[in-house]
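Here the structure comes first, spelled out in structure tokens, and everything after it is commentary.
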Amino acid sequence: MMDDAKNLNRRYETIAWGAFFIWLGITSLFPSLPNGASTIGIGLIVLGLNAARLARNIPISGFTVTLGVLALVLGGAEMARAVLHFEFDLPVLPIVLIVLGVLMLARAMASPKGVNE
């Protein structure tokens, strides 16, 4: 990646982190927001970061795209459960940990030179 692209990517990541902290603050200040809203917002921030990268021909991160989609799905399920009064309990943290572990292992095994390439 060229220096300009690296700097732009770093700037996008900083903006995403700022949006992440602001969103967490907002969802903490307003507990009346529907269940799942914070998770959906985080998913949108992460996917927005990758959309910005894609628009500038900066390589996207499959890992963060997967996390963003997972956050949208889990947040949507939580919101649907709250709004539609579905009674199901997903063990969210174990599911997220398993998905992250599988992704990390698959990435390491697929890359002949290692994960940092």
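The values are calculated or read from the model by the stated rules, or taken from the named source; none is laboratory data. Quick caveat, the model's predicted, so the values are computed rather than measured. Cβ placement follows ideal geometry from the backbone for every residue including glycine, while neighbour counts extend to all protein chains displayed.
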Condition first: in contact with a helix residue (DSSP H, G or I) (Cβ under 6 Å, 6 or more places away or on another chain) and of a type in the set (Gly, Ala, Ser). Now tell me which residues in segment 1-29 satisfy that. Ala16, Ala19
Members of segment 96-113 found to be over 23 Å from Gly43 (Cβ atoms) and either in contact (Cβ under 8 Å) with a residue 24 or more places away in the chain or not small (Gly, Ala, Ser) (or both), listed by number: Met109, Pro112, Lys113
Could you check Ala108 against (1) at pLDDT below 90; (2) surrounded by 13 or more Cβ atoms within 10 Å (Cβ to Cβ); (3) part of a helix (DSSP H, G or I) and say which number it fails? (2)
Being surrounded by 14 or more Cβ atoms within 10 Å (Cβ to Cβ), modelled with pLDDT of 95 or more and either within 17 Å of the chain's Cα centre (by Cα) or not in a loop (DSSP other than H, G, I, E, B) (or both) narrows it down to one of Ile60, Ile45, so name that one. Ile45
